[in-house]
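J.: Sharing a structure here in C-alpha cells format.
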Amino acid sequence: MFVIGAECSRCGEVFSSENILTVCPDCGGALLFKYDLTRVAEKISKSDLENRENTFWKFKELLPLSSPSSIVSLGEPYTPLIHYSEGNSSVSNVFLKDDGRLPTGTFKARGMAVAVSNLKELNINRVALPSAGNAAAALAAYGAKAKMDAYVFMPKDAPESNVKECVFMGARVYLVDGLINDAADIMKKFEEAYGWLNVSTNKQPYRFEGYKAMAFETSEQFHWDFPDNIIFPTGGGEGVIGLWKGFKDLIELGWIEKIPRLIIVQSSGCAPLVKAYNNGETEVKEAWENAETVAAGLRVGRPYASYLVLRAVRETKGMAVAVDDADILSSMKRFLQNGVYACPEASATLAALNKLKSDGAIDKDESVLLYLTGNAMKNFDFMKIEKNKIPALTKDADFLPQC
Ligand SMILES: *Cc1c(COP(=O)(O)O)cnc(C)c1O
Ligand SMILES: [Zn+2]
C-alpha cells in the first residue's frame, strides 16, 4: 500500500485511510487520497505498467486497496481510443475515448468498482446514493457482484431504462418527487436510522480513485504524449476531479510533462459550473433553478465540491462551456451517422468542440480528446423517428419501396 492518508481538499486536515471516510468532519470538504509517489516511482516504471494486463486494476499501486484480493470486478477492459473522422469533412486531430464499453455502459463503473471494492475491504455491506441514473446503475451492478445491499434514490423522472436496470440488478430503488438534490435530502433523513454508507458523488474519497485511471489509461494509449485539450461532460464533477487528480499524479511521478487543458461541458438547461466559472466565482453558491436537459447525467443543480471542479479548470487553463440540448441531440445524431455510439452527455463534447472552434477558442489544428462517458443504448427513447417513413414489407413483397 502506498496510501499515506486522505487529505481534506478544503482545510488540509489528513485522515487515516483505515477509517471509513466520507467528507471532512471539520469543514465538509471533499477528501482526496494521498500517495507516497516517490516510492511508487521507485517501485514501478511506465514500461512495467505496459507489460501488465490492460485493465484499470493494473494501476494497483495508485489505488487505496490494501490487497488485490479485495477487487470486485465485472471485467473492466481498457476502453478504446479512436481517431475520429466525419464523412469527408475536415476534422483532424480529434480523438474519442469510449467508456461506453464499461460494465453498465458508462464511465460510472470506474468509480463504483473501486468504491465497492474498498468498502468491502472495510466491511461495509449497505450502501446508498442519490443518482440521476447511471451512478445508481453502476452501484447496483457492483453491489450485486459484491453481495452488498444497495439503496438508490432517483428523481421520479429519471430515464426509465435507468430505473429498470437498477430494479433488475436487485437494488432497492426509491423514486423521489424532485431533482437529485431533493433525492439527496430525503436520503440523508434516513441515513442514520438505516445504517448505510453514503457513496454520493464527491461525498466520499473512493470513487475519485477509480476515475484517475482515465488519465493513466489514456496517457498510456497516447504513448504518454497527451492531446492539448480534453472535453469532458460534467454534472456533479466527480469525473473531472478524478481525471485531474490522475494527471497530477502522473506529473509528480515524472511520467508526463504537461496536463492537458480540462474543458468542461454542461447543458445550457443546467449549467451552474459554467455560470460560476464565467462570473469568476470559486464555487457554485446557489442551485440552478428549473434544471432541465436531455443529458440526465448533467442535471446536477448544485454540485458538491464545485470548488474543486473550478480549481481543476482554472489550474489547467481550461474552459467551461454550455451547449443547448438541440445541439446535444444533433451531435448525437452526427456521432451515430459516423458510427459512434454515444449517449447525450457524451455527445455534448462534440457540440462543445464545434462551438469552441467556431468561437476561435480552439484552433483548427489543435489536438482534442472528446471523452465519451457512456453509450447510446439507454437513451433511444427520446430520440424521435417517424416510423411510418420507414418502408414496411409484407412477406411476399416483390420490390423494395424507396430504393
Ligand atoms: C454522471 C455522468 C456524467 C457526469 O459525471 P460527473 O462525475 O457527475 O460530472 C457524464 N456522463 C454520463 C454518461 C454520466 O452518467
Ligand atoms: Zn476540512
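The values are calculated or read from the model by the stated rules, or taken from the named source; none is laboratory data. These figures come from a predicted structure and were not determined experimentally. Note that each Cβ is placed from the backbone with ideal geometry, even for glycine, and that neighbours are counted across all protein chains shown. When the accessible area is computed, the model is the full protein with side chains, heavy atoms only, and any ligands, DNA or RNA have been set aside. Shrake-Rupley method; radii C 1.70, N 1.55, O 1.52, S 1.80 Å.
J.: Tell me the residue from VAL321, VAL368, VAL313 that is in contact with a helix residue (DSSP H, G or I) (Cβ under 7 Å, 6 or more places away or on another chain) and more than 15 Å from ligand 1 (Cβ to nearest atom), please. Walk me through how you get there before you give the answer.
T.: Values: VAL321 fails: more than 15 Å from ligand 1 (Cβ to nearest atom); VAL313 fails: more than 15 Å from ligand 1 (Cβ to nearest atom).
Among VAL321, VAL368, VAL313, only VAL368 is in contact with a helix residue (DSSP H, G or I) (Cβ under 7 Å, 6 or more places away or on another chain) and more than 15 Å from ligand 1 (Cβ to nearest atom).
J.: Follow-up question, since we're still on this one. Quickly run through segment 301-356 and pick out the residues that are under 17 Å from THR106 (Cα atoms), touching a Pro at 6+ places or on another chain (Cβ under 8 Å) and either aromatic (Phe, Trp, Tyr) or open to solvent by 10 Å² or more (accessible area, probe 1.4 Å) (or both).
T.: Hit for segment 301-356 is GLU345, nothing else.
J.: Pairs please, first residue from segment 195-221 and more than 16 Å from ligand 2 (Cβ to nearest atom), second anywhere and among the acidic types (Asp, Glu) and part of a helix (DSSP H, G or I), Cβ atoms under 7 Å, 6+ apart in sequence or on different chains.
T.: Pairs that qualify, where the first residue is more than 16 Å from ligand 2 (Cβ to nearest atom) and the partner is among the acidic types (Asp, Glu) and part of a helix (DSSP H, G or I), are ASN198/GLU191; THR201/GLU238; ARG207/GLU238; TYR211/GLU238; LYS212/ASP249; GLU220/GLU50.
J.: Moving on to the next point. So in segment 93-125, with the set limited to residues that are open to solvent by 50 Å² or more (accessible area, probe 1.4 Å) and more than 16 Å from ligand 1 (Cβ to nearest atom), which one is farthest from ALA342 (Cα to Cα)?
T.: The extreme case among them is ASN123.
J.: I would also like to ask the following. Any idea which of (1) open to solvent by less than 50 Å² (accessible area, probe 1.4 Å); (2) more than 14 Å from ligand 1 (Cβ to nearest atom); (3) among the small types (Gly, Ala, Ser) is the one GLY246 doesn't satisfy?
T.: (2)
J.: Which of the residues spanning segment 18-46 are within 16 Å of ligand 2 (Cβ to nearest atom), small (Gly, Ala, Ser) and without any contact (Cβ under 8 Å) to a residue 60 or more places away in the chain?
T.: GLY28, the sole residue that qualifies.
J.: If you scan segment 163-200, which residues turn out to be in contact with a Ser or Thr (Cβ under 8 Å, 6 or more places away or on another chain), outside any strand (DSSP E or B) and open to solvent by 10 Å² or more (accessible area, probe 1.4 Å)?
T.: GLU165, ILE180, ALA184
J.: Additional query: Going by the structure shown, is GLY280 surrounded by fewer than 18 Cβ atoms within 10 Å (Cβ to Cβ) and either modelled with pLDDT of 95 or more or in a helix (DSSP H, G or I) (or both)? Full working, then the answer.
T.: Details: surrounded by fewer than 18 Cβ atoms within 10 Å (Cβ to Cβ): yes; either modelled with pLDDT of 95 or more or in a helix (DSSP H, G or I) (or both): yes.
In short, yes.
J.: For segment 51-72, name all the residues that are open to solvent by less than 40 Å² (accessible area, probe 1.4 Å), in contact with a Phe, Trp or Tyr (Cβ under 8 Å, 6 or more places away or on another chain) and not acidic (Asp, Glu).
T.: Correct list: THR55, PHE56, PHE59, LEU62, LEU63, PRO64, VAL72.
J.: Taking only segment 1-23 into account, find how many residues are within 17 Å of GLU61 (Cα to Cα) and either open to solvent by less than 80 Å² (accessible area, probe 1.4 Å) or of a type in the set (Phe, Trp, Tyr) (or both).
T.: Adding up the residues that qualify gives 5.
J.: Looking at segment 198-209, is at least one residue touching a strand residue (DSSP E or B) at 6+ places or on another chain (Cβ under 6 Å), within 15 Å of ligand 1 (Cβ to nearest atom) and within 30 Å of ALA361 (Cα to Cα)?
T.: yes
J.: Please go through segment 50-88 and give me each residue that is within 21 Å of ALA138 (Cα to Cα) and assigned to a helix (DSSP H, G or I), ordered by number.
T.: PHE56, TRP57, LYS58, PHE59, LYS60, PRO68, SER69, SER70
J.: Considering only residues that are assigned to a strand (DSSP E or B) and aromatic (Phe, Trp, Tyr), which ones fall in segment 224-246?
T.: The one that is assigned to a strand (DSSP E or B) and aromatic (Phe, Trp, Tyr): PHE232.
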